[in-house]
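Written out below as structure tokens is the structure these notes cover.
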Amino acid sequence: MVETLSIAVIGAPGVGKTSIIRQFIYNDFSEVYTPTRTRYVYRPSVILNGNMYELKILDVPPISSFPSSSSQPVYEDNMEGSSSEVPILVVGNKRDLQRQRFMPRRAVSVLVKKTWKCGYVECSAKFNWHVVLLFKELLGIAVARGMRQNHTSIRLQGALQRNRCTIM
């Protein structure tokens, strides 16, 4: 039987949530920005460590605000489980725009680790840099923690470092 892992991709407008998903699933990137206006569910199948998994990736419209810590719920609509059980990975997309950043990578990583108690990873959906690695790490963490469809969900935002949680 194929196990299903649920993932919700959340974040501010224009950060590249859909681009990361589409790069991972279709190896596709569009230069044209089209805002996500309604929820969309992608259902790819992947093989990880010789096991097949069905993914339920929920791409949601931008939410108005984020909680101040990882103990507050971020997004729970249509996803099972409580937020305290959900690994969080904070992802900084658009790594290709390095020269336009307003905060050093190290400072962002420390802020995320202290405030959210999570890890942080940077990627580039445009150049497909760390996108597959991001999902591989996320799924590995979810499988290792026993995160199954009827147990809880995974919400993505970004961390690929050992001994840290996961959001993308």
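Coordinate-derived values only; no laboratory data. Source: prediction; values computed, not measured. In this analysis, Cβ positions are derived from the backbone assuming ideal geometry, glycine residues included, and neighbour counts consider all displayed protein chains.
Taking a virtual spin label 7 Å from the Cα of VAL46 along the C-beta vector, which residues in segment 1-35 bring their backbone nitrogen under 16 Å of it? 3-10, 17-28, by backbone N distance to the label point. Put a dot 7 Å past the Cα of ILE63, heading toward its Cβ, do the same for LEU97, and the two dots end up 2.2 nm apart.
For segment 130-141, 3J(HN,Hα) computed residue by residue from phi via the Karplus equation (6.51, -1.76, 1.60; θ = phi - 60°) reads 6, 5, 5, 4, 4, 5, 4, 5, 4, 5, x, 5 Hz, glycine and proline entered as x. From the alpha carbon centroid of segment 2-49 to that of segment 115-138 is 13 Å.
By the rule of a C-alpha distance below 17 Å, with chain neighbours fewer than 8 residues away ignored, the lysines paired with LYS136 are LYS17, LYS56.
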